[in-house]
Amino acid sequence: MSENRLLLADTMVVTWYVLDPSRLTDTAVKAMERETTMDRPISVSAYSVVELVYMTEKSSNGITPQELEVVRNVLADPVGPFVVVPVDGDVAFGVAAVPRTFTTDNGTVTTNADPGDRIIAATALKHNLGLVTSDPKIHGLSTVIPQLCIVWKLDERIEGP
């Protein structure tokens, strides 16, 4: 696949894409299919790979070690749909541009203490990528960071079991 990337998938999107695609919205699926059809890999932050490993240790939003291996194989496939991008110094310092606490357009004050969300958003910003995410806190960031383009439609989300 070419290195001309347009999308970054967050941890849960990668997990669902590989293990349970029915949890993705039509908007997300269409965007991701468009990219892979155009021979453009979908970026995944190296931080998401760390989160995947941690998910095997959690009971909520967890995955089994066997499921981790399936996702790992897809991520490692040189002709697969994903390419892992590093968390480098630019991304690390870029986290400062992703506020921990912010007020959305409707006046809601939101605090997002999850460093992973901020790292993933900073990665999308550094590489000028649309961010495929179901996370409402990250969606809220797009109201205070206009250049953060979210690819998802919350009312389409299909809940899993």
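The values are calculated or read from the model by the stated rules, or taken from the named source; none is laboratory data. Everything numeric here is computed off the predicted structure, so don't read it as measured data. Note: ideal-geometry Cβ built from the backbone for every residue, glycine included; neighbour counts use all protein chains shown. Side chains included, ligands, DNA and RNA excluded: accessible areas come from the protein's heavy atoms. Shrake-Rupley method; radii C 1.70, N 1.55, O 1.52, S 1.80 Å.
Given a 1.4 Å probe, how much area per residue of the range 50-95 is accessible, in Å²? The partial results should precede the final answer.
Values: 2930 Å² over 46 residues.
Ligands and nucleic acids excluded, the figure is 64 Å² per residue.
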Enter the accessible area of residue 77 (Å², nearest 10), with the probe set to 1.4 Å and all protein chains included. 60 Å²
Options [x] 50, 36, 29; [y] 57, 30, 22; [z] 41, 36, 31 - which one matches Cα extents along the principal axes in Å as calculated here: [z]
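Using unit Cβ charges (K, R positive; D, E negative) and no other charged atoms, how large, in debye to the nearest 20, is the dipole of the chain about its Cα centre?
Around 280 debye, computed over the chain.
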Charges only on Cβ, +1 for Lys and Arg, -1 for Asp and Glu: so what's the dipole of the range 1-83 about the Cα centre, in debye to the nearest 20? 120 debye
Could you state how much accessible area residue 38 has, in square angstrom rounded to the nearest 10, with a 1.4 Å probe and all protein chains kept in place? 110 Å²
Highest GNM mean-square fluctuation among 129, 141, 19, for the chain with Cα springs under 10 Å, belongs to 19
Determine how large the accessible area of residue 6 is when every protein chain is in place; take a 1.4 Å probe and give Å² rounded to the nearest 10. 70 Å²
Count, lysine Cα pairs under 22 Å in the chain, 8 or more residues apart or across chains: 4
State, as an integer percentage, the relative contact order of the range 1-152 based on alpha-carbon contacts under 8 Å between residues 6 or more apart. 28 percent
